Amino acid sequence: FVQPEGEPCRISGTLYTFRLIPVMSRAVALIHPFQTSVKSGSSQPGVSLATIDSMLNAWFNGIPSSLRWDPSTETTLSGAVRLLLLTYYHLQALIHRVFINKPCPEAIPSLVICTNAARSCSRVLERIQEKEPTPLFSVNVSTDLPDLNAC
């Protein structure tokens, strides 16, 4: 089989999503050991956060045009694009949520990023629901939210 020229491979979205695995593993390895220093106000985690953010942004900016979604269009999201977007936004929120535990000026950018990631995830899920009105899955966001009363 030879892939027709100009037509994206059906599994390209899934393969591109797999490229997030090194970013995920680095995020988990770098953020979780720093949880105690984040709570004490140490500035060390900011360096790691910037590194992870750079990796994540480089990955997102490298998404091929065939896998990009323009929310202003009426195009249907393929399963691969859904997986790609939802994984990206979930990882973005996961990375930044540990930095919004205490009310301080340094937490504001992470709070904004988490809010935007949640909003973007909601838009993707809303588009899926518009096109496929049957329930896809149950999402329990309460377990993934930080304790906002701590702020």
Within the stretch 55-97, the residues that are out of contact with any Ser or Thr (no Cβ under 8 Å at 6 or more places or on another chain) and part of a loop (DSSP other than H, G, I, E, B) are G62, I63, R68, D70, P71, S72, T73, E74, T75, T76, L77, S78
Within the stretch 31-51, the count of residues that are farther than 23 Å from P103 by Cβ and modelled with pLDDT of 75 or more comes to 1
Counting just the residues of the stretch 62-117 that are among the charged types (D, E, K, R) and within 16 Å of A50 (Cα to Cα), which one comes out surrounded by the fewest Cβ atoms within 10 Å (Cβ to Cβ)? E106
Assess whether F1 counts as being aromatic (F, W, Y) and either surrounded by 15 or more Cβ atoms within 10 Å (Cβ to Cβ) or at pLDDT 80 or above (or both). no
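The values are calculated or read from the model by the stated rules, or taken from the named source; none is laboratory data. Source: prediction; values computed, not measured. Don't worry about glycine lacking a Cβ; one is built from the backbone with ideal geometry, like all the others, and counts go over all protein chains shown.
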